[in-house]
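Enquirer: Please find one structure pasted underneath; my questions will follow.
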């Protein structure tokens, strides 16, 4: 029977010789040197093995530096975000100062141009302020010249005709003066003397007239836009 057969068993405590255990070919030194030539290079040149740790340290330092720049916290543990905020505020304030400076320069240039333009307008007003007045006086001058020419060439000129021509010329002059605000100051006899508008040339005694009144007008006065241009020259009763 099968139970009667003796089955040999290996001893359990028997040690295995590691040196006699066959390894796969891929772990052998011959195959590794052929398939991986870098192994031979590292094996032959020991400087490559020495340089490898240095390369690793440099790479690690670069990574740490880039991390430190990107991190808002410096080596001392302080937060750099406050510094960034201050720099941002500083740049904004600097930009505002530049804008205000440009505005001030522009305003200064505008004021200088305005001053020059005003001075030029005042100068032109002094030079050409009488343009209209002169244009109104020219017809009066033309009329006077025609009257003088007629009286010179025609010996038989009528006095009444000359008087009428002079009256028309005088009327033209009066109209021209009124257009520019010129008014006559021509007091009548018996009017009270007004030192604001009249100038007493002499004093005359007259018992029949009231003292302090005007006896005679020697020369008319004129107002220019309500301001006295020339007082009327009169004789006052004492």
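Every read-out reported here was derived from the displayed coordinates using simple, explicitly stated rules and does not represent laboratory data. Predicted model only: the values in this text are computed from it and were never measured. Positions of Cβ are backbone-derived with ideal geometry, glycine not excepted, and every protein chain shown enters the neighbour counts.
Enquirer: Go ahead and run the numbers for FRET between residue 99 and residue 209, Cβ-Cβ distance against an R0 of 45 Å, rounding to 0.05.
Expert: Details: r = 80 Å, r/R0 = 1.78.
After rounding, the FRET efficiency stands at 0.05.
Enquirer: I've got another one for you. Using packing as a proxy for protection, rank 203-211, 145-153 so that the peptide with the highest average count of other Cβ atoms within 10 Å comes first. Intermediate results must be reported in sequence, preceding the final value.
Expert: On the way: 203-211: 10.1, 145-153: 11.8.
Highest mean packing first, the order is 145-153, 203-211.
Enquirer: Which FRET efficiency value, to the nearest 0.05, is calculated for residue 179 and residue 148 with the Förster distance at 22 angstrom and r the Cβ-Cβ distance? Let's see the in-between values first.
Expert: Numbers: r = 25 Å, r/R0 = 1.14.
The calculated FRET efficiency here is 0.30.
Enquirer: How much length would be gained if the chain were fully extended between residue 113 and residue 159, taking 0.36 nm per residue of separation minus their Cα-Cα distance, in nm to one decimal? List each step's numbers first, then the result.
Expert: On the way: separation 46, 0.36 × 46 = 16.56 nm, distance 6.09 nm.
10.5 nm is the gain from fully extending residue 113 to residue 159.
Enquirer: Averaged over all directions, how much area does the convex hull of the C-alpha atoms of the range 127-238 cover when projected, in nm²? Don't skip to the end; give the middle numbers.
Expert: Details: hull surface 39.4 nm².
Mean projected area for the range 127-238: 9.9 nm², to one decimal.
Enquirer: Ok, one more. Per q in 0.19 Å⁻¹, report the Debye log10 I(q)/I(0) for the range 135-180, using one uniform scatterer on each alpha carbon and no solvent.
Expert: -0.58
Enquirer: Give the calculated FRET efficiency between residue 202 and residue 227 to the nearest 0.05, with a Förster radius of 25 Å applied to their Cβ-Cβ distance. Spell out each step's value before the answer.
Expert: Values: r = 26 Å, r/R0 = 1.05.
Efficiency for this residue pair is about 0.45.
Enquirer: Note down, for the range 182-238, the three equivalent ellipsoid semi-axes (square root of 5 times each alpha carbon gyration tensor eigenvalue), biggest first, whole angstrom.
Expert: On the way: eigenvalues 97, 15, 14 Å².
Gyration-tensor ellipsoid for the range 182-238: 22, 9, 8 Å.
Enquirer: With labels modelled as points extended 7 Å from the Cα through the Cβ direction, what inter-label distance (nm, one decimal) is found for residue 166 paired with residue 188?
Expert: Simple spin-label model gives 2.5 nm for this pair.
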